[in-house]
Every structure is written in C-alpha cells, then in structure tokens.
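The values are calculated or read from the model by the stated rules, or taken from the named source; none is laboratory data. All values derive from a computational prediction rather than experimental measurement. Here the Cβ positions follow ideal geometry from the backbone for every residue, glycine too, while neighbour counts run over all protein chains shown.
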Amino acid sequence: MSCDNNNNIDQTIRNLCGDLKPMECVNPMRRALLWILLVVTYTTAVALTIGLRENIIEAMNREEYIFELALAFATGIAASLMTFWLTIPDCERYKKFIAVPVTLLSVQVFWMLDRLFFEGMGDIRENWLSHCWMNTLLHTTLPAIAVILLVRKGATVMPCALASFAVLAVSEFGWIGMRLVCPKDNVGEAYFLNFLPYVIIGIVAGFAAKKLFRW
C-alpha cells in the first residue's frame with residue numbers, strides 16, 4: 001500500500017513538473033543594474049544623435065521641467081528594480097517595495113492631470129504624427145527588447161506584475177528621452193499624444209505575459 005502511494009506521488013510530481021526545465025541561479029540586482037546602465041546609455045546616445053531640443057538650456061532653468069525629469073528617472077529606477085526582483089521565485093521579501101514605484105507613478109499621473117487642467121490638450125489634431133512621436137518609438141524599442149531578453153532568464157511566479165513594471169520602466173526612460181529632444185511642452189501633446197500610446201501598447205502586450213515569461 002505504501003509502495004502504491006509512493007508511485008502515485010511520483011506520478012503526480014511528474015505530471016506537475018515534467019515539462020519544466022531547470023533554471024540557473026540569477027542575481028536580480030546584477031541584471032537590474034546592467035539594464036539600467038544600458039538604458040541610460042542608450043537614451044543619452046539616442047538623444048545626442050537626434051539632437052537635443054533647441055531650447056534645452058531654457059528648459060533646464062525651469063523647476064517644473066527638472067522636477068518632471070527627476071520624477072520620471074526615479075520612477076524608472078524603482079520600476080526597473082521591481083521588474084528584476086520579480087524574476088526570481090522567492091520574491092516575497094521584495095513585495096513591500098512595490099509601493100515605491102506605484103506611489104511615484106501616482107504622483108506623476110496627478111502632476112500630468114494637474115497640468116492638463118490648466119494647459120488643455122493643445123494642437124493634437126495638427127501634430128498627431130510629429131517627429132516627436134517617431135522619436136519615442138526609437139527611444140523605447142531597444143530597451144524593451146533588452147528587458148525581455150534579460151527577464152526571460154529568470155523564473156517569475158508573478159508574470160503579470162513583472163510585465164507591468166517592465167512596461168513602466170521602459171516607458172519612463174522613453175519619456176525622459178522624448179522630453180530631451182522634443183520641444184513640445186504642452187502636456188496634451190507631449191504626454192497624451194507622443195508618449196501615452198506606447199504605454200497603452202505595452203499594457204496590451206502585457207496580457208501575453210504568462211506565455212512570454214513562464215518558466
């Protein structure tokens with residue numbers, strides 16, 4: 001009877017784990033720092049290649065512009081760390097950090113809505129297909145590919161949460177890059193027209209997270 005029970009247990013284990021492949025141990029912090037270094041270098045290089053906005057000096061003298069970039073950078077760093085911490089099965093101890101990128105994102109959304117209330121949407125119909133929109137695509141494509149390749153080397157048990165933070169990380173650095181090269185300061189054009197569509201695309205793609213990031 002005991003032998004039959006052992007055979008049943010062994011068969012259950014094979015049914016549950018037979019298709020899984022062994023995974024090497026990964027250091028999430030090392031991969032996070034590697035990706036952050038890559039995306040900062042890439043964003044800077046693309047901005048310099050395209051050319052910084054003509055009024056960059058004037059923009060850097062505005063407190064709200066510096067605040068906006070600093071907030072995006074902090075949110076991107078926090079989301080990047082959270083993304084790679086979630087690549088390991090034993091990610092329970094990192095869950096308390098989720099509040100950091102979520103709080104920073106909430107502040108950013110409130111900031112954008114406050115600006116939208118006072119500034120309006122701007123000339124969206126005239127500028128919907130501007131060079132700023134195409135520059136955002138250039139800023140986000142390679143970092144998105146890089147984060148997918150690095151994340152797939154892990155073994156997450158929270159694929160949807162991981163995908164959400166990955167989208168947030170890529171989006172924030174893409175936003176920084178776009179703000180460095182695009183002269184549009186109206187929040188309707190800069191955020192809701194040239195940036196938000198990529199965030200929406202990323203969120204939609206996140207529905208495939210269970211297949212993309214599964215073991």
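Things to note:
- Residues in the range 79-118 that are of a type in the set (S, T, N, Q) and more than 17 Å from Ala32 (Cβ to Cβ) were compared, and the one that is modelled with the highest pLDDT is Thr103.
- Any pair with Cβ under 7 angstrom, 6 or more apart, that starts in the range 99-117 at a residue that is β-branched (Val, Ile, Thr) and ends at one that is part of a helix (DSSP H, G or I): Val100/Ala78; Val107/Leu71
- Complete set of residues in the range 53-76 that are under 19 Å from Ala163 (Cα atoms) and surrounded by 20 or more Cβ atoms within 10 Å (Cβ to Cβ): Ala72, Thr75, Gly76
- Where Thr49 falls short, out of the listed (1) in a helix (DSSP H, G or I); (2) of a type in the set (Val, Ile, Thr); (3) farther than 18 Å from Thr140 by Cβ: (3)
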